[in-house]
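What follows is calculated from the coordinates using simple rules that are stated; it is not laboratory data. On a predicted model such as this, the values are computed, not experimentally measured, just so you know. Cβ placement follows ideal geometry from the backbone for every residue including glycine, while neighbour counts extend to all protein chains displayed.
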Amino acid sequence: MADKSPDRRIVRTQNALWFALQDLLQDQSWDDITIKMICEGADVARSSFYAHFETKLDLLDMGFSSVLGELMPLAERTTGSSMEYVTTNWLVDHILENPGFFMRVSRSQSDVVLFTRFTKALENLLAHELDSIGKTSPATTVTFCIGGAFAVVRDHIETRAATTPAALKTRLADQVRKALP
């Protein structure tokens, strides 16, 4: 039987492009980043980019899918008795690693595509996590939970609250539980 694992060269190229995009996003808005810049940062020819992706949005979606692919198995192991959720825990950790980036992207018109895709990825993850514990919820509830999580974390950053990450995670988990039908 033939091995179905992806070609390592393809994975290496796609990862290099994804990491280059992430590096560029630290200092530049989504709208200002070009495919040429991504390729230069990845040390990959433009033709290689187009062999894998049609647009930079396709690269972004691949990157988010990759992250979700790593988080989905963890979300599936969430138990109904758990006091926390993988989705909200990851959200707190991820945003607090670079709060300035989150604040810029969440408020910038030129980064609206990036933030919208990020939000949708988190909504998909939370919906999957809730499904895995038998708490299937309407999309509006999931959207409300993620939006509320962003608001809580944004408030934490803006007020420079002394709240610990663990306390933030607990607060977000409580918020999700209260929103569930």
Counting other Cβ atoms within 10 Å, keep those with at most 16, restrict to DSSP loop, and tell me which GluC sites (Glu not before Pro) in region 32-78 are left.
Glu54
Over the Cα atoms of region 1-53, Rg to Rh with Kirkwood Rh, two decimal places?
1.09
Overall form of region 77-171 per C-alpha gyration tensor (a/c, 1.5; a/b vs b/c)
oblate
Using the number of other C-beta atoms within 10 angstrom as an exposure proxy, rank Ile35, Ile146, Ile95, Ile10 with the fewest first.
Ile10, Ile35, Ile95, Ile146
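Once fully extended, how much extra length lies between Arg12 and Arg177, figured as 0.36 nm per residue of separation less the alpha-carbon to alpha-carbon distance?
Length gained, Arg12 through Arg177: 55.4 nm.
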Trypsin sites (Lys or Arg not before Pro) restricted to DSSP loop in region 54-163 with at most 15 other C-beta within 10 Å:
Arg77, Arg160
In nanometres, what is the gap between the two model label sites at Asp31 and Arg160, each 7 Å from Cα along Cα-to-Cβ?
3.1 nm
Note to self: Kirkwood Rh of the chain, Cα pairs, one decimal, Å, is 17.8 Å
Nearest 10, in degrees from 0 to 90: the angle of helix 56-76 to the longest Cα principal axis of the chain is 40 degrees
Net charge over other residues, Cβ less than 15 angstrom from the Cβ of Ala161 (K, R count +1; D, E count -1):
+2
Counting pairs of alpha carbon atoms under 8 Å apart in space and at least six apart in sequence, what relative contact order in percent does region 56-181 give?
34 percent
